[in-house]
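This report concerns only the one structure given below.
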Amino acid sequence: MPPLKWRKLFWILIAVWGAINISCAFFNGIVQIIIAVIAMIFLCVIVILGFIFWRCPTCKRFLPRGLFIEYCSYCGEPLDTDDKNTGSQDTKEH
Ligand SMILES: [Zn+2]
């Protein structure tokens, strides 16, 4: 998954996580605890997926925690390489 696609998914997952937390307030007792545990696991999954997908597609290095970066701070390549992959025409014809 390209990091920019992951970033969109990240906001969706954060919204879902927030909804889980809000729904937690409508329950009592054991159900509330279960929902709270689910919310914690959900947050852990988001963090783990972030570690997997929040990487430069070119040099595979872990990106800094900037949610609005468009270019890799290590190699300078754009993170959105999904649309224009292998756009550079090689002169190797053999
Ligand atoms: Zn890079």
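Where does helix 29-53 land angle-wise versus the long Cα axis of the chain, in degrees 0 to 90, nearest 10? Approximately 10 degrees, to the nearest ten. Against the main long axis of the alpha-carbon atoms of the chain, helix 3-24 sits at an angle near 0°.
Calculated mean residue ellipticity at 222 nm for the chain: -17500 deg cm²/dmol, from DSSP H runs with n ≥ 4 weighted as -39500 (n - 2.57), summed, divided by the residue count and rounded to 500. Tell me whether the stretch 1-81 comes out rounded, prolate or oblate; compute the Cα gyration tensor, take square roots of the eigenvalues as a ≥ b ≥ c, and use a/c under 1.5 as the rounded threshold. The shape class here is prolate.
For the chain, the cysteines with no partner cysteine C-beta closer than 4.7 Å are C24, C44.
Taking the Cβ of G66 as the center, what net charge do the other residues with Cβ under 14 Å away carry, scoring Lys and Arg +1 and Asp and Glu -1? Net charge in that neighbourhood comes out at +3.
Taken together, the values in this text are just the output of simple stated rules run on the coordinates, not laboratory data. Just so it is clear, the structure is predicted and the values come from calculations on it, not from any experiment. As a convention, Cβ positions derive from the backbone with ideal geometry for all residues, glycine included, and neighbour counts pool all protein chains shown.
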